[in-house]
Amino acid sequence: MYDLLLIRAIFVLLLATAAWFLQPFGLMPLPALAAGAALGVLIVLAEIRLKQVSLKRLIGAAAGSVLGIVGAFLISLVISWALPGSRGTVSFFQLLILLVMTYVGLIVGASKGDMLNLSALGGLFGGEKAQKQSFKILDTSVIIDGRIADIAETGFLDGTLVVPQFVLRELQLVADSADSMKRNRGRRGLDVLQRIQKMAHLNVQLLEDDYPHIREVDLKLIELARTYDCKIITNDFNLNKVAQLHGVEVLNINELANALKPIVLPGETMRVFILKEGKEYNQGVAYLDDGTMVVVDNARKMISKTIDISVTSVLQTQAGKMIFGRFDDRLHHVYDKPPAPERAGRPPEAAPAEKTAAPPRA
């Protein structure tokens, strides 16, 4: 990073020094020095902007500019033939057409460059596209969530995981927050990043690219993904929707978790721990290990107990899956102990011996 800044500073200094000695356009030494330095700064700014543009757009812009110059040359020939006596007018129109055609070709070519299929050319262009598709950008929310480290350990993630500097800065701000809850979440995110970096099979890179003209981190992530033609890993619902509107692919951790939840069919028997009272009359609420809510009818009196229930229906929503069941004390078992982790939410293989006996009647 500092080496690149040094090279840019040397370039501007050399250009300003050359203008000081050569004095172009008859300028005095000091105005020439200022003009050379200003020109060098403009060239550096153009270089920074071009570095953020994708290869497709650069090729499209170059092709559009060349076609615009060729078209302007042909039109200039026609104008010089049609107006042979008006030299000043002809020169003005020729210059105007050259600038307009070059500008239009540059803009249109850059905007249509995303439609190019560089992989069909093979070689360097095909490899460049494959390399871009292997990048996956990590969002702040998914780093704080922590499940990305567990997924990475399983080997389901390949390619390169990219952490932009503006995401790291946002994570540091959360870790330095005065709110203890936010501070703990930020420190957890930093620990998750360290854990991912220590994984030998993963390539984690910090990206220096930033977009100072964009304030929101979500919009910066979308612009970065569009520039490098890669995907965003997140669990933020709003970022997911906005990215889809911009044509950016998103890998949502919550959608992955919902897809991996166990399949339960109506009529099956499952074992749950009734945690609290439901909203409706005589309902109890339980949760599976993956966070799925189970609403059980006729289970209000079974709070803090483990019971077997019959699944009546399954509802799939955007927030996740909800299971509805019913408890019948004449058919189902009641347990004093919570279910074992490996058997939670699964139907029992046999009737256990610790069945709770009914209390004696007065």
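Tabulated data
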quantity: Sorted peptide list for 259-269, 142-152, criterion being average Cβ within 10 angstrom, highest first; calculated: 142-152, 259-269
quantity: The range 208-260 and the range 1-48: distance between their alpha carbon centers, rounded to Å; calculated: 38
quantity: Cα shape, the range 2-115, gyration tensor, a/c 1.5 rule; calculated: oblate
quantity: Assigned charges on the beta-carbon of Lys, Arg, Asp, Glu; the range 128-259 dipole about Cα centre (debye); calculated: 220
quantity: Long pairs among Lys182/Lys321; Lys182/Lys279; Lys136/Lys198; Lys241/Lys321, criterion Cα-Cα beyond 22 Å; calculated: Lys182/Lys321; Lys182/Lys279
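No lab work stands behind these numbers, since they all come straight from the coordinates. Just so you know, these numbers come straight off a predicted model, no measurement behind them. No Cβ is skipped: glycine too gets one built from the backbone with ideal geometry, and neighbour counts run over all protein chains shown.
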